[in-house]
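Enquirer: Following this message is one structure expressed as structure tokens.
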Amino acid sequence: MTDQPSEPVDEPTAAQATPLVPADPPKVGDFWLDARLTAAASGVVYQAHDDQNTPAMVLLLSEGAAGDAAARDRLAGAVNKLHIDTVLARGGHGQDEGRLGRRFRPEDDDPVGPEDAPLAPWVALAYDGSPAALEEGRRLLAEIDLSWLPNVGRASGPDYQHYWIEQGRPGAWRLWPLPWPGRDDRAGWMSVLASWLLMLLLMCLAVLIAILIFQGSPPQSPPPPVPTSASGSGSPSTASGSPSPQSGSPSPQSGSPSPASGSPSPGTSPTPPSKL
């Protein structure tokens, strides 16, 4: 009896990743994105890693699906059905409730303004590079946009589609702390410390320059005193500006009565009449 050769078994191949596009965020939550695995109208699945180099598969809802409350609820319901060891973390708008709400990672300490939109929902799953893991990501995307549902009845009329089907860009994301300028990989405590030290050095340099500028300026003398009217230098001259007593004013001999005629002089008081 001869042994029959066994048929070759097709081994699963690793998932094919594609490079990131300019619209993709460099980081979602605590996970740095490495490549794209698959994309749909409801979101994008990325290959990622955290600061401890733990491989992960991050699903981020698209801009249109993140603005739909029903799509956010479908993602939350699908994540709550998964095994707890499969879900590494989750975040975004409306993802902090349910059975796996303990995996939620808030980002309340990030600086935000009143005009900032809520973060798009996302979930990080354990990833081993197998096609089964990629199929899990595709299943979640299909469950969000309801493309897995079979057609009910006979097709007639226009096809149904979501109102946000054309908004396929990745949803709102936030990167904090900021990475080093020109780099989109990791923003560890070393880069944050270096940026703070550089800012302090620039502040000290600016203060030193200001001190040197004010120390090298020549001393300024006080302004001269303002002349008053009593000094005579600033008041108009009597001979040039005011009329002369001889030219315009009447003389005492011509018009005014003399002190001898009976009128008292300005400098003396009238003498009371003597009693007889």
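Residues checked against (1) among the hydroxyl-bearing types (Ser, Thr, Tyr); (2) in contact (Cβ under 8 Å) with a residue 60 or more places away in the chain; (3) over 16 Å from Gln16 (Cα atoms):
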position: Ala39; (1), (2), (3): no, yes, no
position: Tyr46; (1), (2), (3): yes, no, no
position: Thr54; (1), (2), (3): yes, no, yes
position: Met57; (1), (2), (3): no, yes, no
position: His83; (1), (2), (3): no, no, yes
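Enquirer: Quick one: in the stretch 94-136, of everything that is at pLDDT below 90 and touching a Leu at 6+ places or on another chain (Cβ under 6 Å), which residue is nearest to Asn53 (Cα to Cα)?
Expert: Applying the filter and picking the extreme gives Leu134.
Enquirer: If Arg90 meets every condition in (1) under 18 Å from Thr54 (Cα atoms); (2) surrounded by fewer than 12 Cβ atoms within 10 Å (Cβ to Cβ); (3) at pLDDT 90 or above apart from one, which number is that one?
Expert: For Arg90, the exception is condition (2).
Enquirer: Then there is this: Could you grab me the full set of residues in the stretch 25-78 that are part of a strand (DSSP E or B) and either among the aromatic types (Phe, Trp, Tyr) or at pLDDT below 85 (or both)? Walk me through it before giving the result.
Expert: Step one: filter the stretch 25-78 for residues part of a strand (DSSP E or B), giving 27-28, 31-40, 43-49, 55-62.
Passing the criteria: Phe31, Trp32, Tyr46.
Enquirer: Output yes when any residue across the stretch 181-200 is small (Gly, Ala, Ser), at pLDDT 70 or above, under 25 Å from Arg36 (Cβ atoms) and part of a loop (DSSP other than H, G, I, E, B), and no when none is.
Expert: no
The values are calculated or read from the model by the stated rules, or taken from the named source; none is laboratory data. Everything numeric in this text was worked out from a predicted model, so none of it was measured. Cβ sites come from the backbone with ideal geometry, for glycine too, and all protein chains shown count toward neighbours.
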